[in-house]
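The values are calculated or read from the model by the stated rules, or taken from the named source; none is laboratory data. These numbers come from a predicted model, not from an experiment. Reconstructed Cβ throughout: ideal geometry from the backbone, glycine too, with neighbour counts over all protein chains shown. Areas reflect the complete protein model, heavy atoms only, side chains present, ligands, DNA and RNA absent. Shrake-Rupley method; radii C 1.70, N 1.55, O 1.52, S 1.80 Å.
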Amino acid sequence: MPSAAARVVLVTGVSRFLGARVANTLQADPGIERVIGVDTVPPTTPLGRTEFVRVDIRTPSIAKVISSAEVDTVVHLNLVTAQVGPRSKMKELNVIGTMQLLAACQRSPDMRKLVVRSSAAVYGSSPMDPAVFGERDEPVEAPTSGYAKDAVEVEGYVRGLTRRRSDLTVSVLRFANFLGPGVDSPLTRYLRMPVVPTVLGFDPRLQFVHEDDGVEVLRRMTVEDHPGTFNVAGDGVMLLSQALRRAGRPYVPMPAPSVSVLGDVGRRFGGLSGFSPELLRWLMYGRVIDTGRLESELSWRPKYGSEAAFADFVSALGLARTAPLDLLDRLAAVLGRG
């Protein structure tokens, strides 16, 4: 339904691809007077009329920004999915940052809407998973580490805010893995490895959401009122083996305990910082989510299905090439020593 809010919108995580794209999209809406983008580092993407404020949402300073600008809508996109440096720093950014942000939202009399980027990773990945997860389903094995566990905690704090501020319209979006020309994530770095390690005996079912569709969902949630929790993914599924063949990526099936070692190889050849436990489980068991509730609520379907999102990612980056034979030989030698 149309919303009377979204007059002054604050977007967190604006220095990363999703935050920058959402800010640029919202600033084009004539009904929005101001868009304020916040992050700890300046964005490299031009933000047009979006006002950038350098602030760490882990500090009380975020409350001053929300209060002084009379922000009525917050779009929280600051979920960090790739671990860089100590795990404790990632948890601080995701969980402590969200706690400070939500505290500021709770205290502000101007606030009336919150849109939160979450992740389908909250469902975990397990051999006992249902064929499809709906929003009301609980994980068979709850995430115990990394950004997946952070996302579970973030959602818990968001539910606490809705109890304390029942007047707020709160939308939580559980996104499948983003793909598209502008996406840089643990998944895209995995797919860009010259030789891709897979887990022997597993061929998981995967879903993707194209960045264009993700931005459109976030735009709609910001300018319209759609309270609740929603799964977001493109139609259909792909097997990992299908994806790798279509990307022209040579791959090496390996026993599960050996795959983590490949993080070192990925660091040397493909810019991959290592395999997190949640990524490894996803590469074994996959995950499929039901998006019927979102499509019914918005009367909208994604432009890109999972296969089309993957095809656009491959096309934009020119991935459909095979690795040179000498690289395959070098990798084989490294694996032989492991």
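Some values worked out for this structure:
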read-out	value
5 angstrom amide H check on VAL170, placed H, neighbours 5+ away	LEU114, GLY228
Pairwise FRET efficiency - LEU317 versus MET128, Cβ, R0 = 41 Å, nearest 0.05	0.70
Scaled radius of gyration (Cα, divided by 2.2 N^0.38 Å) that the chain gives	1.00
Solvent-accessible area per residue for the stretch 164-261 (1.4 angstrom probe, square angstrom)	32
Accessible area per residue, Å², the stretch 17-127 with all protein chains present, probe 1.4 Å	40
Calculated FRET efficiency for the pair LYS89/PHE202, C-beta based, R₀ 41 Å, to 0.05	0.85
Cα long-axis angle, helix 306-317 against the chain (0 to 90 degrees, to the nearest 10)	80
Kirkwood Rh in Å, taken over the stretch 1-83 so that all alpha-carbon pairs contribute	12.8
Accessible-area composition of the chain, carbon plus sulfur, in percent [1.4 Å probe]	54
Percent RCO, i.e. relative contact order, over the stretch 75-163, from Cα pairs under 8 Å lying at least 6 residues apart	38
³J(HN,Hα), Karplus 6.51/-1.76/1.60, whole Hz, each residue of the stretch 207-224, x for Gly, Pro	10, 9, 10, 6, 4, 4, 5, x, 5, 5, 4, 5, 4, 4, 5, 7, 8, 10
Pairwise label distance in nanometres, GLU70 with ARG107, each label 7 Å out on the Cα-Cβ vector	2.0
Sorted peptide list for 246-259, 224-237, criterion being average Cβ within 10 angstrom, highest first	224-237, 246-259
Amide N proximity, the stretch 26-56 versus ASP184 label position 7 Å along Cα-to-Cβ, cut-off under 19 Å	38-47
